[in-house]
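Report on the structure given below.
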């Protein structure tokens with residue numbers, strides 16, 4: 001499938017994108033996070049993302065549709081550990097763009113960047129075990145299930161289990 005997406009590094013101007021994603025319970029259906037109620041909350045998250053990019057512990061991209069330029073989501077690598085050559089992958093798309101193959105495209109893009117540009121050896125992802133689509137996306141991109149961590153996150157008045165998947169560069 002040809003890539004229908006463009007990727008650019010997140011900037012200080014992307015607060016609205018983060019707010020659109022993080023303020024909708026539909027977008028957060030499988031994300032252990034309480035929905036944001038103000039743009040200020042998204043700006044705080046964006047500041048954390050920018051700071052982590054400045055200190056090289058993360059890299060985050062905004063994702064848009066080629067042609068229209070419509071922002072559809074974001075993703076990146078975080079908890080980058082250069083001493084141990086590993087990082088964690090994360091991504092999120094606005095619900096209206098689910099089921100279009102975009103997640104697989106960004107996982108492929110981020111994974112290749114991590115292995116080829118950052119010279120990582122291992123990339124892992126944590127996924128709600130109920131999010132079968134995201135688990136399939138990671139598996140399609142060569143990630144293998146390593147286990148389920150019970151009650152790993154607490155949000156919205158309940159605990160979330162998380163499935164650990166990882167890919168090791170061969």
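Annotations for the structure displayed:
- Exposure proxy ranking for 148, 107, based on other Cβ atoms within 10 angstrom of each Cβ and starting from the fewest, stands as 148, 107.
- Label corresponding to Cα extents along the principal axes in Å when calculated from the structure given, among (i) 42, 38, 34; (ii) 56, 40, 30; (iii) 43, 34, 28: (i)
- Of 105, 68, 23, the one that fluctuates the most in a GNM where the chain has Cα springs shorter than 10 Å: 68
- Residue exposure proxy: 106, 170, ordered by other Cβ atoms within 10 angstrom of their Cβ from fewest to most, comes out as 170, 106.
- Ordering 61, 98 by the number of other Cβ atoms within 10 Å of each residue's own Cβ, fewest first, gives 98, 61.
- Simple label model, 7 Å out from Cα along Cβ direction - residue 121 to residue 145, nm: 2.7 nm
- FRET efficiency estimate (nearest 0.05) - Cβ-Cβ, residue 24 to residue 66, R0 25 angstrom: 0.55
- Per residue, the average separation of C-alpha pairs within less than 8 Å and at least 6 apart gives segment 5-120 a relative contact order of 23 percent.
- Calculated mean residue ellipticity at 222 nm for the chain: -8000 deg cm²/dmol, from DSSP H runs with n ≥ 4 weighted as -39500 (n - 2.57), summed, divided by the residue count and rounded to 500.
- Stretching the chain fully between residue 133 and residue 83 yields a gain of 14.8 nm (0.36 nm per residue, less the alpha carbon separation).
Every read-out reported here was derived from the displayed coordinates using simple, explicitly stated rules and does not represent laboratory data. As the structure is a prediction and not an experimental result, all values here were calculated from the model. Counting neighbours? That spans all protein chains shown, and the Cβs are built from the backbone with ideal geometry, glycine included.
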